[in-house]
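To keep things clear, I will list the structure first and then write my remarks on it.
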Amino acid sequence: MSAASCLLTEDQFLCSICLDVFTDPVTIPCGHNFCKGCISEHWDVDVQCQCPICKEDFDRRPELRVNTFISEMAAQFRQSAQQKASSSSSEQQVVKPGEVPCDACTGTRLKALKSCLVCLESYCETHLEPHLTRAGLKKHQLIDPEENLEGRMCVKHDKQLELFCKTDQVCVCMLCTVLDHKTHDVVPLKEGYEGKKAELGKTEAEIQLMIQKRRLKIQEMNRSVELSKEGADREIADGVQVFTSLKESAERSQAKLINTIKEKQRETEEQAEGFIKELEQEISELRKRSSEVEQLSRSEDQLHLLQSFTSLKAAPPTKNWTEVRVRPPSYEGTVRRAVTQLEETLSKQMKKRLEVKLKRVQRYEVEVTLDPDTAHPALILSDDGKQV
């Protein structure tokens, strides 16, 4: 029996109503086979007893009896298919968190490869095969696996969402177009998809342009920081040089000021020493004369006094010291002149530094290309694109 079943194809064990392997297969008078439940339900809905395949009509509803031969063949085929699915399941991926599981798997659920928009189910490789081989299932629309397939159905009419209402910007089913969206601008889902995709492409291009502009702005700011650091380093170096020169100049001016004051003090001291020496000399001469005069004045000999008086030395020449003064030197303006000279030195240093800076700016003329939307407002570009 198993050898015979290997020669039979899967389609021979499928009910043409449910498109699945027979369950309690029955044979009706025209010779076609169906699941007992499927054909009974079909005839319960359709008052006229007719074969769904060949359309042969029956005067009365045939008595249905299970075809044991086909039932056994279908059971063996089902068992073989399950064994095949079981052996292949080990080679297929078991579903992981975040992945879409196969809705047809029992027990260990495998990862779905496709989802069917008609069946609203997702299938692994094994259970997807009927959609790839059976004529009736090949027409179904397959998409990449999605978990929420119910979201593709109209909640109001339980129909597939296959149209797009441009007026309300929502996806709708066929019934929606004749009811709620009758006068609206409705297009096929594909047309709406392509339109929105074009809008997304335009939006993405605009976002990329904005990103590019901001990257340019970041580069501009980084360059500004670099230039600022270079400028700061130059200013520090120039400042240290200026203040070093200023300090040296101040020290020289201080030394000169001290020397000037000390020189004036020394001249004053020398002048005073000269006057004092003269005065001490005159005092010595006057003391000698005073001694002679005092000695002569003590004499009681009248003749000797008269004779000696005429022989007294003439009074030594003396200086009129009434107007002679040792005046302290005036230091007024000495510090001010020193500070003024220091200011002149600083001014010369600053002028020299400015000239060096101007030469440096002229030497570093650079060519730049900047986005006008991101360029710093203080930057002025010439017509040839060069910034000076």
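Brief remarks follow.
- Take 325-338, 145-158 and order them by the average number of nearby Cβ atoms within 10 Å per residue, most first; the result is 145-158, 325-338.
- One quarter of the surface of the convex hull around the alpha-carbon atoms of the chain equals 53.3 nm², the direction-averaged projected area.
- Euclidean distance of C-alpha centroids, segment 50-81 and segment 203-242, integer Å: 83 Å
- 3J(HN,Hα) along segment 113-129, derived from phi through the Karplus expression 6.51 cos²θ - 1.76 cosθ + 1.60 where θ = phi - 60°, amounts to 9, 9, 10, 9, 6, 8, 6, 6, 9, 10, 10, 7, 4, 5, 6, 7, 4 Hz, with x in place of Gly and Pro.
- Partners of residue 55 within straight-line reach, counting aspartates and glutamates whose Cα lies under 18 Å from its Cα and excluding those fewer than 8 residues away in the same chain: 41, 44, 46, 63.
- Around the amide H of residue 170, modelled in the peptide plane, lie the amide H atoms of 165, all under 5 Å away and 5 or more residues distant in sequence or on another chain.
- Phi-based couplings in Hz for segment 206-218 (Karplus 6.51, -1.76, 1.60; Gly and Pro marked x): 5, 5, 4, 5, 5, 4, 4, 4, 6, 5, 4, 5, 4
- Order of 171, 18 - criterion: other Cβ atoms within 10 Å of each residue's Cβ, fewest first: 18, 171
- Computed over neighbours whose Cβ is under 12 Å from that of residue 146, the net charge equals -4, Lys and Arg +1, Asp and Glu -1.
- Phi-based couplings in Hz for segment 252-263 (Karplus 6.51, -1.76, 1.60; Gly and Pro marked x): 5, 5, 5, 4, 5, 4, 5, 5, 4, 5, 5, 5
- Partners for residue 182 among lysines (Cα-Cα distance below 23 Å; same-chain residues under 8 apart left out): 156, 159, 166, 190, 196
- Residues of type lysines that residue 247 reaches as a straight line, Cα spacing below 29 Å, ignoring anything fewer than 8 places off in the same chain: 229, 256, 262, 264, 348, 351, 352, 357, 359
- Peptide ranges 115-123, 212-220 listed from the most packed, as the mean C-beta count within 10 angstrom indicates: 115-123, 212-220
- Take each peptide in 136-142, 304-310, count the other Cβ atoms within 10 Å of every residue, and average; sorted highest first, the result is 136-142, 304-310.
- Over the chain: helical MRE at 222 nm, DSSP H runs n ≥ 4 each giving -39500 (n - 2.57), nearest 500: -18500 deg cm²/dmol
- Among 210, 141, 94 - extreme Cα towards positive end, dipole of the chain, charges at beta-carbon: 210
Bear in mind these aren't lab numbers, they're just calculated from the coordinates by the rules spelled out. Here the structure is a predicted model, which means the values were calculated and not measured. Note that each Cβ is placed from the backbone with ideal geometry, even for glycine, and that neighbours are counted across all protein chains shown.
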